[in-house]
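Read through the structure below, which is laid out as structure tokens, and then see the notes.
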Amino acid sequence: MNTKKSGEIFERSQKSIPGGVNSPVRAFKSVDRQYPIFIEKAKGSRLYDVDGNEYVDCIGSWGPMLLGHNNEKVLDAVKKSLDEGTSFGLPTKKEVELAELIKNCYPSIDKVRLTTSGTEAAMAAVRLARAYTQKNKIVKFEGCYHGHSDSLMVKAGSGLLTFGHQDSNGITEGVMKDTVTLPFGNREKLIELLNTEDDIACIILEPVPANMGLVIPEKSFLEILREKCTEKNIVLIFDEVISGFRVSLGGAQELYNINPDLTVLGKIIGGGFPVGAFGGKKEIMNMVAPVGNVYHAGTLSGNPVSVSAGLETINILKENREIYDILEKRTKKLVGKIEELIEKYSIKATVNHIGSLYTIFFSDKKVENLEDAMATDDKAYNIYFSTMLEDGIIVPPSKYEAHFISWAHNEEDFEKLTAGVEKSFAAISGNLG
């Protein structure tokens, strides 16, 4: 596959952008590639690079493109919004409509504040929890990623793991001391901590972790979290930036029937445009300025273009809830074929999947936490990635990310995916078997 133009642009980009990319995982370094592909356009289930190559997309902008790229109805809403203006710095009726729509889909949310990103929303939710409880420490789980604010970067997943780190430089010792990390799913260590530490303001987690690869939680673990947070006056925060509107209309909390105190949402509520939100119980959210004294602000919060795209996207999903069941069945069928190929080629691999997400882990052990994910085979994943890329399929350029299936993926795409996986497994078997 010819990607000469991408290579030339990467050489150019490194002179102006650190590492040549604006988000680390895009560099393709962790999958042993000299340079990334540069995308020119997208439509439906396909991406097209600057060299004219076409790819079946299994990234979906890291989740929000549930309807596929450039959905016509969403595009029409965006075009209309652009004609009306792109940024006002003042409230709009559409902001209210989006807030009402989110509330309707998430019974745990009484009030919601829009932001410009999931990172900002998570940061604000933690600050709000501290103010509400008048306590200082936060608890997070190893491998769960909540954006790049200081207190949430301790033992984070996603991009940090891609480059072999669990923490970022530039974080003070004071911040580190106020962030307690635990292994995901370990209820014994959770209970031990909560029985000995009285200064915990909140527990934040991805209820369905997807930033150490996809990890499927046990419902009983989420139930214990809910029970203990209520008992200890700790704010339970579900970071549903990935799982929200993706695993079901009401996110993981609907799927598992467990209500958090606060919820963090991401770019899917903007149809893939830059947006985020945090929301929850009225008594907590009423502490946000201008009602209360917890400050949060942003000129582009509730940007009219993002809000218009989000309204259209969520309304489509709400009016066509069968999309979730159909996508789950399609993904389950694909995963079944992948598992058959694992057996056929005697590959040390396992697949985690939920709804329209899945991750192939190159390990003979089921992956349930960060330690399991880190022990998986880097070389096998790199062969898998490169083989798929050369076959016209773009999968996550990191073993610590999830694959995303969209409504736009068709039977031809699934056949191509299955054929690509078989080719990659044959290559792995030949090189590492």
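The values are calculated or read from the model by the stated rules, or taken from the named source; none is laboratory data. In this text, all values refer to a predicted model and were calculated from it rather than measured experimentally. Cβ atoms come from the backbone with ideal geometry, glycine included; neighbour counts cover every protein chain shown. To get the accessible areas, we keep the full protein, side chains included, count just its heavy atoms, and leave off ligands, DNA and RNA. Shrake-Rupley method; radii C 1.70, N 1.55, O 1.52, S 1.80 Å.
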Summed over the other residues with a beta carbon less than 10 angstrom from that of Leu262, with K and R at +1 and D and E at -1, the charge totals -1
Where labels lie 7 Å past Cα in the beta-carbon direction, separation of Lys103 and Lys282 in nm
0.9 nm
Mark the label point 7 Å from the Cα of Glu319 along Cα→Cβ and return the residues of segment 44-79 whose backbone N is within less than 17 Å of it.
67-68, 71-79
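Could you tell me what fraction of 2.2 N^0.38 Å the Cα radius of gyration of segment 102-255 comes to, as a two-decimal ratio? Working shown, then result.
Working: Rg = 14.7 Å, N = 154, 2.2 N^0.38 = 14.9 Å.
That ratio works out to 0.98.
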A student asked for the Cα radius of gyration and Dmax of segment 299-347 in angstrom ought to give 18.5, 55
With a cap of 10 neighbouring Cβ atoms within 10 Å, and only residues DSSP puts in a loop, list the trypsin sites (Lys or Arg not before Pro) found in segment 15-45.
Lys15
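Per DSSP helix of 4 or more residues, -39500 (n - 2.57); summed, then divided by the residues of the chain. What does that give at 222 nm, rounded to the nearest 500? It would help to have the intermediate numbers written out before the result.
On the way: 15 runs with 174 residues, N = 433.
Taken over the chain, the calculation gives -12500 deg cm²/dmol.
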Please work out the C-alpha center-to-center distance from segment 220-281 to segment 25-52 and express it in whole Å.
31 Å
For the chain, with a Gaussian network of springs between Cα atoms less than 10 Å apart, report the residue from Ser13, Ser406, Ser356 with the top mean-square fluctuation.
Ser13
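Report, to the nearest whole %, how much of the accessible area of segment 306-433 belongs to carbon and sulfur atoms, 1.4 Å probe, protein only. Before the final figure, lay out each step's value.
Numbers: 2390 of 5310 Å².
Looking at segment 306-433 in its full context, I get 45 percent from C and S.
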In the neighborhood of Asp198, defined by Cβ-to-Cβ distances under 9 Å, what is the net charge if each Lys or Arg adds +1 and each Asp or Glu adds -1?
0
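Between exposed chymotrypsin sites (Phe, Trp or Tyr not before Pro) in the chain, where DSSP calls loop and at most 15 other Cβ atoms lie within 10 Å, what's the longest gap?
296-433
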Report the paramagnetic label zone for Asp110: residues of segment 241-261 whose backbone N is under 15 Å from a point 7 Å from Cα along the Cα-to-Cβ axis.
260-261
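Rounded to the nearest percent, how much of the accessible area of segment 6-144 (1.4 Å probe, protein heavy atoms only) is carbon and sulfur?
Values: 3350 of 6930 Å².
Result for segment 6-144: 48 percent of the exposed heavy-atom area is carbon or sulfur.
Quick one: net charge around Gly355, please, counting Lys, Arg +1 and Asp, Glu -1 for every other residue with C-beta under 11 Å from its C-beta. Intermediate values should be presented prior to the final figure.
Details: positive: Arg246, Lys329, Arg330, Lys332; negative: Asp325, Glu328.
Neighbour charge sum, excluding Gly355 itself: +2.
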If the label point is 7 Å along Cα→Cβ of Gln134, which residues in segment 191-230 have backbone nitrogen under 15 Å from it?
199-201
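Classify segment 43-143: rounded, prolate or oblate, from the alpha-carbon gyration tensor (a ≥ b ≥ c, eigenvalue square roots; a/c under 1.5 rounded; otherwise prolate if a/b is larger than b/c)?
Working: a/c = 2.43, a/b = 1.45, b/c = 1.68.
Taking the square roots of the gyration eigenvalues as a ≥ b ≥ c, segment 43-143 is oblate.
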Modelled label-to-label distance, Thr86 and Ile216, 7 Å Cα→beta-carbon offset: nm?
4.4 nm
Bounding extents of segment 213-287 in its principal axis frame from Cα atoms, largest first in Å, are 38, 33, 19
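Provide the per residue accessible area, probe 1.4 Å, for the chain, rounded to a whole number of square angstrom. Write down the numbers at each step before the final one.
On the way: 18740 Å² over 433 residues.
Spelled out: the 1.4 Å probe surface of the chain, per residue, equals 43 Å².
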Per GNM of the chain with C-alpha springs under 10 angstrom, the most fluctuating residue out of Pro260, Pro18, Pro183 is Pro18
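Once the Cα gyration tensor of segment 278-429 is found, what semi-axes does its equivalent ellipsoid get, as square roots of 5 times the eigenvalues, in whole Å, sorted largest first? Working shown, then result.
Details: eigenvalues 288, 84, 44 Å².
Square roots of five times the eigenvalues give 38, 20, 15 Å.
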Computed from the mean reciprocal separation of all distinct C-alpha pairs, what Kirkwood hydrodynamic radius does the chain have, in Å?
22.2 Å
The alpha-carbon pair-distance distribution computed for segment 324-397, with 10 angstrom bins and whole-percent values, is 18, 48, 31, 2
I want to verify a result. In a Gaussian network model of the chain, Cα cutoff 10 Å, which of these has the top mean-square fluctuation: Lys137, Lys73, Lys332?
Lys73
